[in-house]
Amino acid sequence: LFAGQTEFVKGVVGMDGLPPADRIEICFAGRSNVGKSSLINALTGTRGIARASNTPGRTQEINYFTQGPELYLVDLPGYGFAKAPVAVVAKWQGLLKSYLSGRQTLRRAFVLIDSRHGIKSVDDEILSLLDKSAVPFQVVMTKADKVKEKDRAVILDQVRAKLQRHPAAYPEMVVTSSEKGDGIATLRAIIAGLD
Ligand code: GTP
Ligand code: MG
């Protein structure tokens with residue numbers, strides 16, 4: 001499944017702009033600045049096909065990428081906080097929620113959680129939306145390079161405990177660093193194994 005070239009397809013600003021639902025689709029969701037765009041770049045081995053930035057709220061559209069002939073990778077706008085006007089943020093949050101609850105071909109949502117912070121209440125809201133919409137999701141811990149091993153273990157325990165309350169959650173998490181490459185091959189293999 002995870003084969004061939006990565007290409008940018010389009011940036012979508014409303015549900016009516018979504019491309020035809022003719023491929024398997026996976027998406028990357030998470031708080032603003034958690035590392036969604038960076039992870040897509042690391043996974044696809046493309047430097048900067050998904051635009052990453054230090055400014056929370058960088059990604060304001062639903063960005064579609066093809067990965068080979070059968071798969072869409074979807075980079076989502078972040079939630080939680082953003083350096084953008086309130087009305088603009090409200091619009092893309094609405095779109096995010098519509099997408100997460102209403103996309104037929106969405107096979108799995110990867111929800112990114114910062115290894116330093118664990119699951120916050122804004123994350124829990126999204127996880128509950130995924131439960132309600134019966135979208136299977138898997139947690140990907142990001143920025144593993146920014147925490148010490150023993151602090152990471154504490155956070156992982158917190159995340160594991162919280163996931164037990166979410167029926168749509170896969171119990172296994174993937175710990176990654178887009179910066180150092182940890183966990184990237186593992187995640188790629190998980191995606192390749194989806195059917
Ligand atoms: P929005 O589009 O604003 O929601 O953000 P995003 O989730 O797409 O985050 P993005 O990939 O733009 O990354 C945010 C910042 O975190 C950037 O400055 C990245 O360089 C940095 N970053 C992302 N992944 C890692 C990582 O694994 N390690 C470290 N140290 N920094 C990272
Ligand atoms: Mg982004």
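Laboratory data are not the source of any read-out in this text; all were calculated from the coordinates shown. Remember, it's a predicted structure, so these values are computed and weren't measured experimentally. Virtual Cβ from ideal backbone geometry, glycine too; neighbours counted across all protein chains shown.
Using a ≥ b ≥ c from the Cα gyration tensor of the range 127-191 (square roots of the eigenvalues), is it rounded, prolate or oblate, where a/c under 1.5 gives rounded and otherwise the larger of a/b and b/c decides, a/b for prolate? Oblate shape, in that a/c is at least 1.5 and b/c is the bigger or equal ratio. Extension gain for residue 8 to residue 47 (0.36 nm times residue separation, less C-alpha to C-alpha distance): 12.8 nm. For the range 1-138, the dipole from Cβ point charges (+1 on Lys and Arg, -1 on Asp and Glu) about the Cα centre works out to 320 debye, to the nearest 20.
Identify the GluC sites (Glu not before Pro) of the range 88-195 meeting these criteria: DSSP loop state and at most 15 other C-beta atoms within 10 Å of the C-beta. The qualifying sites are 172, 179.
Summarising the amide proton neighbourhood of residue 142: residues at separation of 5 or more, or on other chains, whose placed amide H is nearer than 5 Å comprise 113, 114, 115, 176. Computed 3J(HN,Hα) for the range 7-18, one whole-Hz value per residue from the Karplus formula 6.51 cos²θ - 1.76 cosθ + 1.60 where θ = phi - 60°, is 9, 6, 9, 6, x, 10, 10, x, 4, 6, x, 5, glycine and proline marked x.
For the range 84-174, lysine pairs separated by 8 or more sequence positions, or belonging to different chains, with Cα-Cα distances below 24 Å total 16. Please state the relative contact order of the chain as a whole percent: Cα pairs under 8 Å, 6+ residues apart? Contact order relative to length: 23 percent. With the highest mean first, a sort of the peptides 109-120, 128-139 on other beta-carbon atoms found within 10 angstrom per residue produces 109-120, 128-139.
The trypsin sites (Lys or Arg not before Pro) of the range 134-181 that meet both conditions, a loop assignment by DSSP and at most 16 other Cβ atoms within 10 Å of the site Cβ, are 148, 165, 180. Taking a ≥ b ≥ c as the square roots of the eigenvalues of the Cα gyration tensor, the range 55-179 is classed as rounded, since a/c falls below 1.5.
Looking at the range 6-165, send over the antiparallel percent of its DSSP beta bridges, to the nearest 5.
Here the share of antiparallel DSSP bridges comes out near 40 percent.
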